[in-house]
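Structure first, commentary second.
The values are calculated or read from the model by the stated rules, or taken from the named source; none is laboratory data. Source: prediction; values computed, not measured. Here the Cβ is made from the backbone with ideal geometry for all residues, glycine too, and neighbour counts use every protein chain on show.
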């Protein structure tokens, strides 16, 4: 409908312009800082010795929440935070890595669940997203999308970050808006993703302020820190060796004492016993202790480094005069990660492809930890310490998986300085809280799509003096682990994978009196437990949690098979690149042939195809006149070199890989044998989180050349043809995939 009057000429016509959307008066800017896999006690102001002065200062200038709960995993918490609804309700019951075929498990936020960015856009905001996304199906992150689940398709105006669960911090898989790009610098130039994301956040806000200073903004900054790989500047890593040298048992005791002194936990809070299979620190050898300390130091340095960069962003807000009018929320998406296993990992990509990583090998690489050719993660004992004083880890519905730090600071809107709020809150409560503070009603429709009701409960009142109770119950479910909070009580069941659900043992805790879930009241209050279990089933049915499915491992294999379907042939032309792993040719545990059509002049060399990075992958390239195929499994290389040089001219350069008890590798020049090799190495379960390139190998190199080692000849096309002989071990693939979640 237009208000314009259209006459025959301008003299008898009246122009009209639609009113611009304006945010409610006093609407603040919003900065959400979302950490990854940071445990309940890891910020300094929650009890840690890790240096987080920026985060601590924000807490001293605002509020700390001690009852904030997430969903136990990254994709799922992000879905709840972004939509104000339960993660199953919006189709992200588990991970963005697979679609199980059920409404609650699509791996992608449903259009009926508008995001905070989409809702704020209706209220006049501009929205900027940086860092980890991981809430759209990874099979939809290739060059054709579809892009409706990408940040720009879900209400953000700009995006700079990565789509997967993790990325290399020195050579990330970057996307700007809807386009894959290369990092502006490399490791040798001092590049780190955390610094880059901070630079881009400052740039987005600075550009916004120059162009639309009266328009409020949402900036969503989702660091890769502290998800594996734990990578940070070496000088910071070395700083933490001495701090953690006494081990996880001493560290847990110290953190709990600090938490009591800070008021984070009640004075009578007890430490639960060590998590299953975590040995006392004193039982490990001195070499093991030295290794485990360094793995923890890499984690701590990564968090310290992120805090230093957050300091730059906060300083910019101060310098720009924006700080008073900006609400900053700092939080983590789930508890500390258990994916490092009992002994930690220096390069997880080896063990997940059948290559052992014995302690002696890890110790020999101790000074590489945190560097560009490692994929390190700390052992269970340190993850347990991160979650002090809570049980279990990420993936689990006990406190260690779902209870996380949350800080709110808004000088112009929160009068409190350094106060604590102890009430139960949930990730789904954040969006309704922000909408209430701003004065925006959740739209009934967005782009013509009727919207699901908001399920979270606003805690905006807690920004004042009140800390009202959350009246609504809250369920939890992840990989069959279950839980329900209601009125200060919690029922929770740890689900051993592969066992019948009806044999799960439910525990009962009165969280209002038992912060760390140490006194199981199931036997003494059976009626309360029965009430909460019954409520769990009600919520599960309402929120699309059913059917229960603990097959997290086979789901990865099934998803890959379903996505690629019968396709066994790929054609890549020169100029193509940045193809994500989940849409690249799936050459795991199968025979395949790669053939490159080239024109060579004397001296031409470079990469023809490369998939992966320094920790794992494969590459076919020309060097010193010879054709070379390099299979890199966990940093161990099997390299096959042609038995003759390639003359100038047009050629078909090929490698054929066949499987039996070993991998048999044959090189061919114009279809004629040109060398062969064999190896026990293979990509059984996972290739790499770094995608595929044609004609170059960007970032972290697969083989012993310097990236990008671009092909200097003419590369017409590369074909990959796979035999239909693939047999995937779903359980092993699941374990490998979980290493990157």
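Numerical summary
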{"item": "Qualifying positions in the stretch 258-283 - at negative phi and either touching a strand residue (DSSP E or B) at 6+ places or on another chain (Cβ under 9 Å) or without any contact (Cβ under 8 Å) to a residue 24 or more places away in the chain (or both)", "result": "260, 261, 262, 264, 267, 268, 273, 276, 283"}
{"item": "Unique residue being in contact with a strand residue (DSSP E or B) (Cβ under 8 Å, 6 or more places away or on another chain) and assigned to a loop (DSSP other than H, G, I, E, B) when the list is 622, 587, 607, 571", "result": "587"}
{"item": "Which listed residue is at positive phi, part of a loop (DSSP other than H, G, I, E, B) and touching a residue at least 40 places away in the same chain (Cβ under 8 Å), from 96, 72, 110", "result": "72"}
{"item": "Pair list, Cβ < 9 Å and 6+ apart or interchain, from the stretch 388-417 residues that are without any contact (Cβ under 8 Å) to a residue 24 or more places away in the chain to residues that are surrounded by fewer than 24 Cβ atoms within 10 Å (Cβ to Cβ) and part of a helix (DSSP H, G or I)", "result": "none"}
{"item": "Residue pairs meeting the criteria (Cβ under 6 Å; at least 6 apart or on separate chains; first not assigned by TED's automatic domain parsing to the domain that holds residue 569, in the stretch 656-674; second at pLDDT 95 or above)", "result": "none"}
{"item": "Answer from 681, 627 - the residue that is at pLDDT 95 or above and crowded, with 18+ Cβ neighbours inside 10 Å", "result": "627"}
{"item": "Strands (runs of 3 or more DSSP E) within the stretch 371-490 that include 1 or more residues assigned by TED's automatic domain parsing to the domain that holds residue 127 and surrounded by fewer than 21 Cβ atoms within 10 Å (Cβ to Cβ)", "result": "419-421"}
{"item": "Residue 51 vs. criteria closer than 30 Å to residue 121 by Cβ, buried (at least 20 other Cβ atoms within 10 Å of the Cβ) and touching a helix residue (DSSP H, G or I) at 6+ places or on another chain (Cβ under 6 Å)", "result": "no"}
{"item": "Tabulated pairs, the stretch 183-194, first more than 21 Å from residue 303 (Cβ to Cβ), second outside any loop (DSSP other than H, G, I, E, B), C-beta under 8 angstrom, 6+ apart or interchain", "result": "183/174; 183/193; 183/196; 184/196"}
{"item": "Residues of the stretch 182-194 classified as over 17 Å from the mean Cα position of the chain (by Cα) and surrounded by 13 or more Cβ atoms within 10 Å (Cβ to Cβ), total", "result": "6"}
{"item": "Extreme residue, farthest from residue 138 (Cα to Cα), among residues of the stretch 166-180 that are without any contact (Cβ under 8 Å) to a residue 24 or more places away in the chain and touching a strand residue (DSSP E or B) at 6+ places or on another chain (Cβ under 6 Å)", "result": "176"}
{"item": "Matching residues in the stretch 708-741 - criterion: being surrounded by 21 or more Cβ atoms within 10 Å (Cβ to Cβ), modelled with pLDDT under 95 and part of a loop (DSSP other than H, G, I, E, B)", "result": "739, 740, 741"}
{"item": "Selection within the stretch 72-125 - touching a helix residue (DSSP H, G or I) at 6+ places or on another chain (Cβ under 7 Å) and within 17 Å of residue 437 (Cα to Cα)", "result": "81, 82, 83, 84, 115, 116, 117, 118, 119, 123"}
{"item": "Where a residue in the stretch 12-32 is farther than 21 Å from residue 205 by Cβ and its partner, wherever it lies, is exposed (fewer than 12 other Cβ atoms within 10 Å of the Cβ), with Cβ under 6 Å and at least six apart", "result": "13/5; 13/6; 13/7; 14/5; 15/4; 16/2; 16/3; 16/4"}
{"item": "Checking residue 145 against (1) surrounded by 24 or more Cβ atoms within 10 Å (Cβ to Cβ); (2) free of Cβ contacts under 8 Å to residues at least 60 places away in the same chain, the condition it does not meet", "result": "(1)"}
{"item": "Elements of type strands (runs of 3 or more DSSP E) in the stretch 136-249, at least 3 residues being modelled with pLDDT of 95 or more and under 28 Å from residue 40 (Cα atoms)", "result": "158-162, 217-222"}
{"item": "The stretch 235-253 residues that are outside the structural domain of residue 366 (by TED's automatic domain parsing) and over 18 Å from residue 369 (Cβ atoms), paired with ones that are at pLDDT 95 or above and part of a helix (DSSP H, G or I) (beta carbon under 7 Å, 6 or more apart)", "result": "none"}
{"item": "Residue that is modelled with the highest pLDDT, among those in the stretch 582-600 that are surrounded by fewer than 22 Cβ atoms within 10 Å (Cβ to Cβ) and under 14 Å from residue 693 (Cα atoms)", "result": "584"}
{"item": "The stretch 350-362, subset in contact with a helix residue (DSSP H, G or I) (Cβ under 8 Å, 6 or more places away or on another chain) and either assigned by TED's automatic domain parsing to the domain that holds residue 589 or within 16 Å of residue 340 (Cβ to Cβ) (or both), residue surrounded by the fewest Cβ atoms within 10 Å (Cβ to Cβ)", "result": "359"}
{"item": "Filter pass, residue 104 being in contact (Cβ under 8 Å) with a residue 24 or more places away in the chain and surrounded by fewer than 22 Cβ atoms within 10 Å (Cβ to Cβ)", "result": "no"}
